[in-house]
Amino acid sequence: MTAIFKKEMRTYFNTLTGYAFLGFFVLITGYFFVSQNVAAYNADYSNTLVGTMIMFLILVPVLTMRLFAEEARQKTDQLLYTSPLKVTDIVVGKFLAAICLFLIGIAITMIFPYILSIYGEINVKGLVGVVIGYFLMGSCLISVGLFVSVLTDNQIVAAAGTFAALFLLLMMDSIATNAPITRIPSLIFVAVIIFVILAVLYNSTKSLSGTLLIGIVCYILLAAAFIFIPSLFDSTIIRVLGWLSVLNRFENFYMGVFGLSDVIYYLTFAAAFLYLTVNIIEKRRWS
């Protein structure tokens with residue numbers, strides 16, 4: 001894992017990728033700092049961080065598009081997969097390198113709230129919570145980019161796919177507000193979610209009988225719930241999408257509520273995409 005981490009960090013700074021990422025990150029954050037703090041005589045740096053979230057749509061694809069796609073294009077992925085390194089070590093090493101670069105960007109931009117503290121009072125405790133939430137959310141989005149990168153050998157396709165995936169994630173709240181609230185669409189929505197979970201389970205275990213058994217039990221329980229407790233399916237889509245929203249979880253940090261459940265959500269979210277990435281590579285490794 002350490003070797004992969006060092007290799008990726010060297011690659012970031014031996015090419016323009018690392019410098020471009022940090023430069024753009026600081027530039028956009030500086031723009032929001034000037035417009036929302038300096039020009040507005042406002043000492044709340046949290047609003048600046050919220051404003052910069054739009055740049056995730058560009059920076060995360062740039063940061064992750066080459067992690068696996070470039071390896072596949074150059075056929076150097078075969079060297080990795082046949083090495084004594086564990087696939088998990090490879091994936092986690094690349095992921096840690098990406099979030100380390102992201103963390104360096106955050107550390108550099110901490111000069112802005114320091115400037116604010118010289119000329120006025122800032123809420124240090126609240127700012128620390130927002131920065132932690134900001135880092136956790138960014139790490140989750142990076143895990144999505146890593147997963148998309150392993151699906152293709154084309155960096156442009158990886159970047160475009162990551163952009164689309166992140167756009168959907170960041171628009172989750174807006175999608176939820178326009179989702180149907182009636183019971184039949186909610187039933188279909190839950191049935192699709194169960195199917196996706198079963199597909200992932202079968203892909204991981206290769207046990208058709210076990211997956212079918214679990215699927216039958218889940219769909220029987222789903223049908224029973226719809227018949228006997230139909231009220232459970234009122235606005236289910238809105239509730240589920242709201243619970244899955246990465247922005248909704250960040251809002252708690254922004255409001256000063258540091259909840260363990262939100263931290264666990266972000267860690268689980270990232271771990272799930274890392275698991276899917278490892279799973280795909282394992283299939284290729286033994287095919």
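The values are calculated or read from the model by the stated rules, or taken from the named source; none is laboratory data. The model shown is predicted, which means the values in this text are computed figures rather than measured ones. When we count neighbours, we look across all protein chains shown, and the Cβ atoms used for this are built from the backbone with ideal geometry, even at glycine. Side chains are part of the model used for accessible areas, which takes the heavy atoms of the whole protein and leaves out ligands, DNA and RNA. Shrake-Rupley method; radii C 1.70, N 1.55, O 1.52, S 1.80 Å.
Numbers below:
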{"item": "Close pairs (7 angstrom Cβ cut-off, 6 or more residues apart or separate chains): assigned to a loop (DSSP other than H, G, I, E, B) in region 28-44, open to solvent by 70 Å² or more (accessible area, probe 1.4 Å) anywhere", "result": "ALA43/GLU121"}
{"item": "Residue check for VAL263: touching a residue at least 24 places away in the same chain (Cβ under 8 Å), closer than 30 Å to LEU127 by Cα and either touching a Lys or Arg at 6+ places or on another chain (Cβ under 6 Å) or not small (Gly, Ala, Ser) (or both)", "result": "yes"}
{"item": "Residue check for VAL60: surrounded by fewer than 19 Cβ atoms within 10 Å (Cβ to Cβ), modelled with pLDDT of 90 or more and part of a helix (DSSP H, G or I)", "result": "no"}
{"item": "Members of region 1-35 that are under 16 Å from ILE111 (Cβ atoms) and open to solvent by 10 Å² or more (accessible area, probe 1.4 Å)", "result": "LEU22, GLY23, VAL26, LEU27, ILE28, GLY30, TYR31, PHE32, PHE33, VAL34"}
{"item": "Meets criteria (in contact with an Asp or Glu (Cβ under 7 Å, 6 or more places away or on another chain), at pLDDT below 85, among the hydrophobic types (A, V, I, L, M, F, W, C) and part of a loop (DSSP other than H, G, I, E, B)) for ILE122", "result": "no"}
{"item": "Residues satisfying the stated conditions in region 174-230, i.e. over 30 Å from the mean Cα position of the chain (by Cα), open to solvent by less than 50 Å² (accessible area, probe 1.4 Å) and in contact (Cβ under 8 Å) with a residue 40 or more places away in the chain", "result": "PRO230"}
{"item": "Residue count for region 36-57, restricted to those that are open to solvent by less than 30 Å² (accessible area, probe 1.4 Å) and of a type outside the set (Ser, Thr, Tyr)", "result": "7"}
